[in-house]
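Working notes, structure below.
The values are calculated or read from the model by the stated rules, or taken from the named source; none is laboratory data. The model shown is predicted, which means the values in this text are computed figures rather than measured ones. Cβ placement follows ideal geometry from the backbone for every residue including glycine, while neighbour counts extend to all protein chains displayed. Surface areas here come from the heavy atoms of the whole protein model, side chains and all, with no ligands, DNA or RNA. Shrake-Rupley method; radii C 1.70, N 1.55, O 1.52, S 1.80 Å.
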Amino acid sequence: MHPALNIAIKAARRAGQVINRASNELDLLKVATKQPNDFVTEVDKAAEAAIIETLQDAYPGYGILAEESGQTDGKGGADAEYQWIIDPLDGTTNFIHGLPQYAVSIALAKAGQVEQAVVYDPNRNELFTASKGAGAFLNERRIRVSRRTKLQDALIGTGFPYRMFDQIDTYLAIFKELAQKTAGQRRPGAAALDLCYVACGRYDGFWELGLSPWDMAAGSLLISEAGGLVSDLRGDANYLDTGNIVAGTPKVFAPLLKIVGDHLPENHRG
Ligand code: IPD
Ligand code: CA
Ligand code: CA
């Protein structure tokens with residue numbers, strides 16, 4: 001196993017312990033509102049601190065992009081082109097409500113390309129890992145995307161808007177079309193896990209608009225290493241920048257991308 005992946009796993013498990021401990025005392029949880037319907041708890045922050053401490057101990061020169069503490073550049077030298085991309089608790093709204101669908105997501109990018117990925121679900125003790133060129137794994141067993149070939153048979157994951165509503169009508173139009181052309185749609189509420197579910201074949205496709213890099217960085221490598229396809233709305237690889245992502249099995253991906261893309265005006269199709 002790549003040493004950086006090993007460290008990322010250690011960091012994710014430490015964060016998982018912080019989260020699990022707090023999940024037994026949800027009534028004590030202090031919740032702050034970043035903006036309407038965008039919450040952060042002291043658990044997000046404590047989990048992030050545990051992750052950063054673990055990663056920086058091992059790789060002091062690497063940069064960091066983390067949801068709660070923002071960006072810290074690498075300290076120069078050859079290591080500065082590396083960046084950890086961290087979501088300490090993906091699915092905070094679920095966590096606050098005691099709904100057991102959330103995860104820790106950690107990726108390592110070199111010059112903007114994700115090379116190592118860990119997503120850890122502390123409820124199910126499911127550890128999703130991938131290294132570029134070396135495949136994707138769930139609890140050390142190799143995973144692959146599903147064999148489904150038809151959109152009509154596909155189960156599609158998504159996330160719909162809950163704090164920014166400028167695209168709500170587009171979402172609903174896509175949702176309506178996919179309701180008639182797929183086997184079903186799901187919105188569990190943790191994008192990093194949603195992407196892993198494509199990687200291990202639980203879903204056959206996924207799409208969402210307006211995500212952040214830390215929601216997608218690890219999960220997207222899981223999908224490509226599991227034999228799936230991932231892109232932005234143009235079919236290009238800029239989803240970490242545009243925030244818009246479509247993913248799927250090799251055959252489900254193209255019809256899904258077409259439906260999602262066709263609902264957006266050309267200049268919004270990044
Ligand atoms: C959120 C979850 C959710 C997605 C949101 C994300 P957070 O992350 O991934 O599924 O729909 O866009 O912001 O805020 O819980 O880390
Ligand atoms: Ca997130
Ligand atoms: Ca988060």
Just one of Gln71, Gln152, Gln83 is part of a helix (DSSP H, G or I) and open to solvent by 30 Å² or more (accessible area, probe 1.4 Å); which is it? Gln152
Filtered residues of the range 125-146 (kept if of a type in the set (A, V, I, L, M, F, W, C) and either in contact with a strand residue (DSSP E or B) (Cβ under 6 Å, 6 or more places away or on another chain) or on the phi > 0 side of the Ramachandran plot (or both)): Leu127, Phe128, Ala130, Ala136, Phe137, Leu138, Ile143
Options Ala254, Ala179, Ala237; residue that is in a loop (DSSP other than H, G, I, E, B) and without any contact (Cβ under 8 Å) to a residue 40 or more places away in the chain: Ala237
From the option list Ser224, Ser231, Ser220, single residue qualifying as open to solvent by 20 Å² or more (accessible area, probe 1.4 Å), closer than 21 Å to Lys110 by Cα and within 17 Å of the chain's Cα centre (by Cα) is Ser224
Members of the range 89-114 found to be within 20 Å of Ala50 (Cα to Cα) and either within 15 Å of the chain's Cα centre (by Cα) or without any contact (Cβ under 8 Å) to a residue 40 or more places away in the chain (or both), listed by number: Leu89, Asp90, Gly91, Thr92, Tyr102, Ala103, Val104, Ser105, Ile106, Ala107, Leu108, Ala109
When restricted to Phe165, Phe160, the only residue away from ligand 2 (no atom under 16 Å from the Cβ), under 21 Å from Glu208 (Cβ atoms), modelled with pLDDT under 95 and not assigned by TED's automatic domain parsing to the domain that holds Gly77 is Phe165
Step by step: first the residues of the range 86-113, then only those that are on the phi > 0 side of the Ramachandran plot and open to solvent by less than 70 Å² (accessible area, probe 1.4 Å), then the one that is nearest to ligand 3 (Cβ to nearest atom). Which residue is that? Gly91
Kindly list the number of the only condition in (1) within 20 Å of Lys132 (Cα to Cα); (2) open to solvent by less than 20 Å² (accessible area, probe 1.4 Å); (3) away from ligand 1 (no atom under 15 Å from the Cβ); (4) among the small types (Gly, Ala, Ser) that fails for Ala237. (2)
Quick check: anything in the range 125-146 of a type outside the set (A, V, I, L, M), at pLDDT 95 or above, in a loop (DSSP other than H, G, I, E, B) and in contact with a Ser or Thr (Cβ under 6 Å, 6 or more places away or on another chain)? yes
Checked pairs for the range 46-66, first closer than 15 Å to Pro3 by Cβ, second β-branched (Val, Ile, Thr), C-beta under 6 Å and 6 or more apart or across chains, list as Ala58/Ile7
Filtered residue count, the range 155-171, keeping only those that are open to solvent by less than 100 Å² (accessible area, probe 1.4 Å) and free of Cβ contacts under 8 Å to residues at least 60 places away in the same chain: 9
